[in-house]
1. Being surrounded by 14 or more Cβ atoms within 10 Å (Cβ to Cβ), within 22 Å of ARG176 (Cα to Cα), aliphatic (A, V, I, L, M) and in contact with a strand residue (DSSP E or B) (Cβ under 8 Å, 6 or more places away or on another chain) is true for just one of LEU110, LEU87, LEU103. Which residue is that?
2. Grab the helices (runs of 4 or more DSSP H) fully contained in segment 24-138, keeping just those with 1 or more residues being on the phi < 0 side of the Ramachandran plot, hydroxyl-bearing (Ser, Thr, Tyr) and modelled with pLDDT under 95.
3. β-branched (Val, Ile, Thr), at pLDDT 95 or above and under 16 Å from the mean Cα position of the chain (by Cα): is that true of VAL7 in this structure?
4. Taking only segment 190-217 into account, find how many residues are under 18 Å from ILE98 (Cα atoms) and not in a strand (DSSP E or B).
5. Which numbered condition in (1) modelled with pLDDT under 90; (2) in a helix (DSSP H, G or I) is the only one that GLY169 fails?
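The values are calculated or read from the model by the stated rules, or taken from the named source; none is laboratory data. These numbers were taken from a predicted model, which means no experiment stands behind them. All Cβ positions, glycine included, derive from the backbone under ideal geometry; neighbour counts span all protein chains shown.
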Amino acid sequence: TSRIPLVRTTYRRFVAGVLGMGTTQGYAVDLGTGPGYVAIDIDRRSPGLQMIGLDLGAHMVERARQQALRREHNGQPPWLQADAHVLPFADDSLDLVISSFSLHHWEDPLAVLNEIARVLRHPRPETGEPGGRYYIADVCREANAFQRVVAYASIPAFSLPYGSYWGYGGYYESIRAGYTRDEAQTLLEQSALPPGTVAHDSTWFVPTLTIASAGTN
């Protein structure tokens with residue numbers, strides 16, 4: 001996980017939420033994988049999942065690959081440079097799609113959600129196989145007073161010592177760009193995704209919402 005405690009705690013919570021869904025076999029994709037912390041962690045903890053990390057930025061894909069090598073993970077999982085708006089996967093092909101803190105970066109979030117719906121496996125009642133599942137988390141614009149103070153403080157406290165990426169120098173701007181629970185609910189209802197829920201899953205410091213397959217929050 002990240003070397004910044006505030007970020008590390010949030011990502012650990014995300015990973016726990018994903019693992020708590022119970023999808024342990026099949027193909028899984030982490031959209032907006034960034035430096036690959038989440039994909040590497042889940043790949044290590046759930047070896048039955050064939051995890052793939054995907055990011056739009058070539059530099060992020062390379063960073064993730066190097067991170068996996070440094071962690072003696074043999075460069076795994078596979079890393080793809082691609083646009084979440086046009087996923088390079090066949091219809092009905094993935095068992096799990098996850099994304100942590102990328103939603104507010106998507107130019108057309110509804111298009112991405114519909115792409116996720118397209119690639120998720122359909123339920124197969126004749127064999128009892130469940131459909132694919134999704135778990136998406138992002139910063140929430142509904143921050144309390146303490147979280148707003150932390151966001152303001154992140155500008156000089158993290159940007160200067162760590163740099164714009166490592167310190168999430170744009171964290172304050174990310175919260176401003178994030179969605180409220182009502183807005184996320186509207187996106188979910190307008191999308192082609194299977195039934196799901198929107199929940200507030202904040203830590204002390206980071207206001208977080210999740211959009212997840214029904215029964216996973």
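1. Values: LEU110 fails: in contact with a strand residue (DSSP E or B) (Cβ under 8 Å, 6 or more places away or on another chain); LEU87 fails: within 22 Å of ARG176 (Cα to Cα).
Of the residues listed, the single one that is surrounded by 14 or more Cβ atoms within 10 Å (Cβ to Cβ), within 22 Å of ARG176 (Cα to Cα), aliphatic (A, V, I, L, M) and in contact with a strand residue (DSSP E or B) (Cβ under 8 Å, 6 or more places away or on another chain) is LEU103.
2. On the way: elements: 37-45, 58-70, 109-119.
Here the list reads 37-45.
3. Working: β-branched (Val, Ile, Thr): yes; at pLDDT 95 or above: no; under 16 Å from the mean Cα position of the chain (by Cα): yes.
No, not satisfied.
4. Going residue by residue through segment 190-217, those that are under 18 Å from ILE98 (Cα atoms) are 191-202, 208-217.
Applying the additional criterion that residues be not in a strand (DSSP E or B) yields 191-195, 201-202, 214-217.
Total satisfying the criteria: 11.
5. (2)
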